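**Q** I'd like to ask you about the structure that follows.
The values are calculated or read from the model by the stated rules, or taken from the named source; none is laboratory data. The model shown is predicted, which means the values in this text are computed figures rather than measured ones. When we count neighbours, we look across all protein chains shown, and the Cβ atoms used for this are built from the backbone with ideal geometry, even at glycine. We work out accessible area using only protein heavy atoms, side chains counted, and drop any ligands, DNA or RNA first. Shrake-Rupley method; radii C 1.70, N 1.55, O 1.52, S 1.80 Å.
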Amino acid sequence: CLCKVCWHWNDHRRQAFWRTDRSAWRKIENIYKKIVEKVINLTTYTYNKLNKNKHVTIIHKPELNIISFKVDNIDVDTLQKQLQAYGWIVSLAEYPHVIRLVLMPHIKKEHIDEFLVDLDIIIQKNR
């Protein structure tokens with residue numbers, strides 16, 4: 001209908017919709033920022049911990065939530081299998097051939113600390 005009453009009412013509905021829509025997008029954006037911030041902080045934490053280990057060589061400082069590394073004197077495929085024996089499923093990058101950790105939002109510092117303990121045990125066993 002194009003009468004003044006209906007047009008006025010529809011105009012208010014349109015304005016209310018856009019206000020709600022912008023508000024919803026702001027909330028989604030804030031949630032997304034928190035998730036990304038958490039993952040980046042976790043990546044930095046993991047990078048710093050791995051970097052302190054003298055037997056670990058990190059390929060490059062991470063810019064995203066991915067860390068690539070190798071361990072001195074342990075073949076990458078062997079290391080992957082040994083980590084799997086401890087319950088860790090890690091992927092490999094092909095070029096360069098290294099372990100690739102992808103840190104996702106559901107991962108916590110406790111998981112990283114447990115992973116690093118197991119990694120240290122594997123390193124000590126292979127010395």
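**Q** Under 8 Å for C-alpha pairs, at least 6 residues apart: give me the relative contact order for the range 50-113, rounded to a whole percent.
**A** It rounds to 27 percent for the range 50-113.
**Q** May I pose another question? R0 = 25 Å: FRET efficiency of residue 57 with residue 109, Cβ-based, nearest 0.05? Kindly include the intermediate steps, with their values, before the conclusion.
**A** Details: r = 23 Å, r/R0 = 0.91.
Using R0 = 25 Å, I get an efficiency of 0.65.
**Q** What full-extension length gain, to one decimal in nm, is calculated for residue 35 and residue 48 as 0.36 nm per residue of separation minus the Cα-Cα distance?
**A** Numbers: separation 13, 0.36 × 13 = 4.68 nm, distance 2.00 nm.
Roughly 2.7 nm would be gained on extension.
**Q** Let me ask something additional. Write down the accessible area per residue of the range 59-119 in Å², having rolled a 1.4 Å probe over the full set of protein chains. All intermediate terms of the calculation are to be shown ahead of the outcome.
**A** Numbers: 3820 Å² over 61 residues.
Roughly 63 Å² per residue, with all protein chains present.
**Q** Which lysines does residue 27 reach when only Cα atoms under 24 Å apart count, and residues fewer than 8 places away in its own chain are ignored?
**A** Correct list for residue 27: 38, 108.
**Q** Next question, about the same structure. Read phi for every residue in the range 112-127 and hand back ³J(HN,Hα) as whole Hz from Karplus 6.51 cos²θ - 1.76 cosθ + 1.60, θ = phi - 60°, with x for Gly and Pro.
**A** 4, 4, 5, 4, 5, 4, 5, 4, 4, 4, 4, 4, 5, 5, 9, 7
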